[in-house]
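The values are calculated or read from the model by the stated rules, or taken from the named source; none is laboratory data. In this text the structure is predicted, and so the values were computed from the model without any measurement. Cβ coordinates were reconstructed from backbone atoms using ideal geometry, including for glycine residues, and neighbour counts include every protein chain displayed.
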Protein chains: 4
Amino acid sequence: MSAFQPTDPNFAARVRASFAKQGVMATFGARLSKVEPGEVVIEFPFSLALSQHNGYIHAGVMTTVVDSACGYAAYTLMPADADVLSIEYKVNFMSPAVGESFKGVGKVVKAGRTITVCSGDVIAVANGTEKVVATMLATMIAVRP
Amino acid sequence: MSAFQPTDPNFAARVRASFAKQGVMATFGARLSKVEPGEVVIEFPFSLALSQHNGYIHAGVMTTVVDSACGYAAYTLMPADADVLSIEYKVNFMSPAVGESFKGVGKVVKAGRTITVCSGDVIAVANGTEKVVATMLATMIAVRP
Amino acid sequence: MSAFQPTDPNFAARVRASFAKQGVMATFGARLSKVEPGEVVIEFPFSLALSQHNGYIHAGVMTTVVDSACGYAAYTLMPADADVLSIEYKVNFMSPAVGESFKGVGKVVKAGRTITVCSGDVIAVANGTEKVVATMLATMIAVRP
Amino acid sequence: MSAFQPTDPNFAARVRASFAKQGVMATFGARLSKVEPGEVVIEFPFSLALSQHNGYIHAGVMTTVVDSACGYAAYTLMPADADVLSIEYKVNFMSPAVGESFKGVGKVVKAGRTITVCSGDVIAVANGTEKVVATMLATMIAVRP
């Protein structure tokens, strides 16, 4: 189904184990809802504890979640002994983050041996309707032992 | 001292009132430590509740804090009735965010009527030594009523 | 066919007239090959006069063409009396720009009254095969008289 | 004088030889005006052959020159057998590029073994006055044989 072939058949377990170590994901009430080769989705509920000054979700909170989604999307395609780190990203915020819950969707655009380019979207879910409120373009690096 | 002249003499009170409404800043234990025309600094302590998978501060957490610092730096120069929003930003992560505490430093590069460009740094403080671990280039917009 | 409705029915003529004034497009031998609501394609041939140090097309040349494609994609949806300017963009370079010709494809992601977000791709055409070699995320502004 | 120590004492000759191979620099009438460890400046004159639709220098042309300045700034610190490539960059355009000549100034922010982060400015020179019209944040990679 996916255009990408993982080199490590245990990629999903590896992503879940790493996600469980990200303290900030627990703080945000975030959970992994999709782990496929080259694509990861993380969801989290609205909370005023994550808001900016107008009561919307803070841009940086959305960034945190979609960065992890992009990083883990890259990580699904990396060898078992590699770690993944974000070199840099850019995010555009297109609409206020209004909704009951949010999804950070990360996808691999180009996977390389060292550098992987990913794109991500943040989707706000409100009254059963989904809306893309932010979009990311990110560069990930595979760190080998 | 500053190269910028605020149009609203109450800019600092306006920034502090807005900061107090950002729920995520309380969640991060963050506080405003400098509010000058065109420059704002926000500090927060290390916490495993803000970590990524290696126990360092998550890239998105650093981004959240330096985004608010940049946004408020822009806000210091805006008229009293304007609100500030992040259109977009890009961040490079240069070193692991290791330290006891962190500073997000936001500075105005170019202030315009509608668009303000800011640069930001995230500084890790460890054993009394400061190190720039991330750098941001951001675009803010003044929203008028 | 398009998800976007232009407000100015003469959008294509407006894009073509503006393109004809961009001196650098003539210097690059570039031509408009598609002008639809929210999408513009610009093509140009390989030339050593546009190369970087390895003989590939320079990253900045690709950027120039896909920036114009994105700007004009935004411009197709703007009112007749507005001008378009690039506020900022970010580009990732994924493969060397090897080919006989190149396409800059610009698409509107979110059109607003003042700010329009676009995404762009640079496609290298070699021996009849197309490959995405760079991808852009850009912010355009409508300037009104 | 510089904070950076080049590993290759012949860095300047290496930069000049590579610059001479960039066909687009000749097309733009650009020349290297400074090559120091971690900092490179490239200058070019105004030409309508490099313009956008209002007769200013095209954003992409400025990007081309400041990208080369940043890339060569990184290259000054790389070992003799490495090549430099741009992974990605982001540029903000702050003022129209009006002037008789322009400077692309590239500086190393953080030099690593594989990844180097650079910042750049484009300066317009008009009637003897200099103005920063664009600013870049870029990621360069050292490619080893």
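The table that follows gives values for the structure above.
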item: Qualifying residues in segment B:69-89 (those that are surrounded by fewer than 21 Cβ atoms within 10 Å (Cβ to Cβ) and in contact with a Ser or Thr (Cβ under 9 Å, 6 or more places away or on another chain)) - the one farthest from the other protein chains (Cβ to nearest Cβ); result: B:P79
item: Segment D:59-83 residues that are among the aromatic types (F, W, Y), paired with ones that are modelled with pLDDT of 95 or more and in a helix (DSSP H, G or I) (beta carbon under 9 Å, 6 or more apart); result: D:Y72/D:V15; D:Y72/D:S18; D:Y72/D:F19; D:Y75/D:F11; D:Y75/D:R14; D:Y75/D:V15; D:Y75/D:S18
item: Lone unmet requirement of (1) within 14 Å of A:L137 (Cα to Cα); (2) under 13 Å from the mean Cα position of the chain (by Cα) for A:K90; result: (2)
item: Test result for B:E39, in contact with a Lys or Arg (Cβ under 7 Å, 6 or more places away or on another chain) and under 29 Å from A:A69 (Cβ atoms); result: no
item: All positions within segment B:1-27 that are within 24 Å of A:G55 (Cα to Cα), more than 9 Å from chain A (Cβ to nearest Cβ) and either among the hydrophobic types (A, V, I, L, M, F, W, C) or out of contact with any helix residue (DSSP H, G or I) (no Cβ under 8 Å at 6 or more places or on another chain) (or both); result: B:N10, B:F11, B:A12, B:A13, B:V15, B:R16
item: Qualifying positions in segment C:122-132 - surrounded by fewer than 23 Cβ atoms within 10 Å (Cβ to Cβ), at negative phi and either more than 9 Å from chain A (Cβ to nearest Cβ) or within 13 Å of the chain's Cα centre (by Cα) (or both); result: C:I123, C:V125, C:A126, C:T129, C:E130, C:K131
item: Conditions (1) within 13 Å of the chain's Cα centre (by Cα); (2) touching a residue at least 40 places away in the same chain (Cβ under 8 Å); (3) within 15 Å of B:G71 (Cα to Cα): number failed by B:F44; result: (3)
item: Matching residues, segment C:39-65, being surrounded by 24 or more Cβ atoms within 10 Å (Cβ to Cβ) and facing chain D (nearest Cβ under 8 Å); result: C:L50, C:Q52, C:H58, C:A59, C:G60, C:V61, C:T63, C:T64, C:V65
item: Filter pass, D:E36 being out of contact with any strand residue (DSSP E or B) (no Cβ under 9 Å at 6 or more places or on another chain) and more than 9 Å from chain C (Cβ to nearest Cβ); result: yes
item: Some residue of segment D:127-134 being over 26 Å from D:S47 (Cα atoms) and in contact with a helix residue (DSSP H, G or I) (Cβ under 9 Å, 6 or more places away or on another chain); result: no
item: Scope segment D:90-114; condition away from chain C (no Cβ under 11 Å) and over 14 Å from D:E130 (Cβ atoms); matching residues; result: D:G106, D:K107, D:V108, D:V109, D:K110, D:A111, D:G112, D:R113, D:T114
item: A:A13, sole failed condition from (1) aliphatic (A, V, I, L, M); (2) over 15 Å from A:G71 (Cβ atoms); (3) surrounded by 14 or more Cβ atoms within 10 Å (Cβ to Cβ); result: (3)
item: Matching option when the condition is farther than 15 Å from C:V109 by Cα and within 12 Å of the chain's Cα centre (by Cα), among C:T27, C:T7, C:T63; result: C:T63
item: Every residue from segment A:109-145 that is under 24 Å from D:I115 (Cβ atoms), assigned to a loop (DSSP other than H, G, I, E, B) and not basic (K, R); result: A:G112, A:T114, A:P145
item: Residue match in segment D:90-108 (condition: surrounded by fewer than 19 Cβ atoms within 10 Å (Cβ to Cβ), out of contact with any Asp or Glu (no Cβ under 7 Å at 6 or more places or on another chain) and in a strand (DSSP E or B)); result: no
